[in-house]
Amino acid sequence: MTDSLGLAWSLIAHGDAAMWHVVLLSISVSGSACAIGAVLGLALGTALAVSTFPGQGVLVWALNTLLALPSVVAGLLIYLLLSRAGPLGNWGILFTPAAMVIVQSLLVVPLIAALTRRLVIDALGEGGEQLRSLGATRLQAGLLMLVHERFGVLTVLLTAFGRAIAEVGAVMIVGGNIDGVTRVMTTAIALETSKGDLPLALALGFVLLGAVGLINLVVGAIQGRSALARDVRR
């Protein structure tokens, strides 16, 4: 065990090329998925917060249900869509990073949308009426509140990134865990552990844990700064 830990730290310290390729691919895939998720999730969450229409309750229920969507089920759905027999099979992107971005986007959009909806509703409860009295429509008020609560929005996006980068089942299904092509940190850890290559698995585990820990640290700092800003305004 001690030898494995020493070799793991050596891989990190000496910048093992294969290991850092896996790390950078993980960041690229999850970052792209969160960028897509931000566009779709923020728009959907804001729309649900400021509008009222028939079936809205059902849509909110479906959105909240998707928060608990197992990643392997999401992977299976995207696999069926992108496989040769599927409706999007002619895209030819199964077992590529693009497929991994799509499946991670599917996982983070409901999370971003649900948290954004709650964020906008709470913000409108505090200052929405004042904006409406100045002539803003409910949608305009919601968008202004979204900008005003930028610290909260950043927290939501960082939370989504943490969810994406720690995911394993879905990306393994649609990515295939191909060395040098679609192997990311979580799938590499699973593979290297099964092969008995504990130093590389531990090194990747340390990097992944460090990334998630850094995200949580930044989220905590943002929440603290946001709370301080509220106290100052009061």
| query | Can you sort Phe161, Phe53 so the residue with the fewest Cβ neighbours within 10 Å comes first? | reply | Phe53, Phe161
| Virtual spin-label span in nm between Trp9 and Lys195, 7 Å along Cα→Cβ | 2.5
| message | With the crude spin-label approximation of a point 7 Å out along Cα→Cβ, what separation in nm comes out for Leu139 versus Trp91? | response | 2.7
| message | Could you work out the relative contact order of the chain? I mean the mean sequence separation of Cα pairs under 8 Å and 6+ apart, divided by the number of residues, in percent. | response | 31
| Considering the dipole of the range 2-233 built from charges on the beta carbon (Lys and Arg +1, Asp and Glu -1) around the Cα centre, which of Leu209, Gly196, Leu94 is farthest to its positive end? | Leu94
| When the helices in the chain are scored as -39500 (n - 2.57) per DSSP H run of 4 or longer and the sum is shared across all residues, what 222 nm value do you end up with, to the nearest 500 deg cm²/dmol? | -27000 deg cm²/dmol
| request: Relative to the longest principal axis of the C-alpha atoms of the chain, give the angle of the C-alpha long axis of helix 97-133, reported between 0 and 90° and rounded to the nearest 10°. | output: 20
| Dipole moment magnitude, nearest 20 debye, the chain about Cα centre, only Lys, Arg, Asp, Glu C-beta charged | 720
| task | Arrange the following residues from fewest to most other Cβ atoms within 10 Å of their Cβ: His21, His14. | result | His14, His21
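Laboratory data are not the source of any read-out in this text; all were calculated from the coordinates shown. Computed from a predicted model, the values in this text were never measured in an experiment. A quick note on method: Cβ atoms are made from the backbone with ideal geometry, for glycine too, and the neighbour counts reach across all protein chains shown.
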